[in-house]
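The structure appears below as structure tokens.
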Amino acid sequence: FVSNEILVQTPMVMEFNDLRSHLWASDAILELSSMGIINGNGKGQYHPSGSVTRAEFIKLLTATFSFPETPIGSFTDVTPEDWFHRWVMTAYRKGIIEPDENGLIRPNEPITRQDIVYYTCRAVKAAQFNLEQPPLYVLYKFIDYDQVAGYAQSAFAAMNYAGIINGIGENRLGPVNPATRAEAATIIHRLLQVLENQAQQQTAD
């Protein structure tokens, strides 16, 4: 990318044996695995239909953009003893996440699709990239667009317009649905493709 230097150490490529039921996501999963951004359980399984915790997705985002670690501070439910402490605090310092009204991050709860979209857009801005912001009516084609929380509407519109996130079928966005591991990998993979295309166009211009 033009505005960021991203250093990736390429690990041994992992072949997962449980992707047959998620062929639509297999290319994304395998490519992100080869980049060292995601991993499975160490036994050849990725569990694509499993849920993603908030902490797991926060780690995925910070690893994707290789943000410098700033593991300073804590929250009531995030302490230096937690495996995710450095990732959560880095994301907080970069303005990607914020605690809720009770001062909690809720790291072990499954993350919703709308929070994945919201945090991803904030990470894009933190990395000094941009996604085109269309009018919100681009979401009106989905019958559950009114279920999208106000804080996530612009992010959903931008990522849908860019082709990064689509519906879950039957003209639904599923904003409050828990995201699966396959969905999370696919969204990140598509995002990287969009940003790479942007960088190539800027270079050509």
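All of the numbers you see were taken from the coordinates with simple rules; none came from a lab. Quick caveat, the model's predicted, so the values are computed rather than measured. Counting neighbours? That spans all protein chains shown, and the Cβs are built from the backbone with ideal geometry, glycine included.
Some points to look at:
- Cα Rg over Rh - segment 57-126, Kirkwood: 0.92
- Mean Cα-pair separation over length for segment 16-119, i.e. relative contact order, pairs under 8 Å, 6 or more apart, %: 26
- Within the straight-line cut-off of under 13 Å between alpha carbons, the aspartates and glutamates reachable from residue 141 are 170, sequence neighbours fewer than 8 places apart in one chain being disregarded.
- Sparsely packed chymotrypsin sites (Phe, Trp or Tyr not before Pro) within segment 81-186, loop by DSSP, other Cβ within 10 Å at most 14: 83
- Cα centroid separation - segment 50-102 against segment 152-205, whole Å: 21
- Cα convex hull of segment 109-205, projected area averaged across orientations, nm²: 6.5
- Residue range of the chain that is longest and free of GluC sites (Glu not before Pro) which are both DSSP loop and sparsely packed (at most 15 other C-beta within 10 Å): 16-68
- Relative contact order (%) - the chain, alpha-carbon pairs under 8 angstrom, separation at least six: 24
- Cross-link partners of residue 125 among lysines (Cα-Cα below 26 Å; sequence separation of 8 or more within a chain): 59, 94
- Taking the square roots of five times each eigenvalue of the Cα gyration tensor of the chain, the equivalent ellipsoid has semi-axes of 23, 22, 20 Å, listed largest first.
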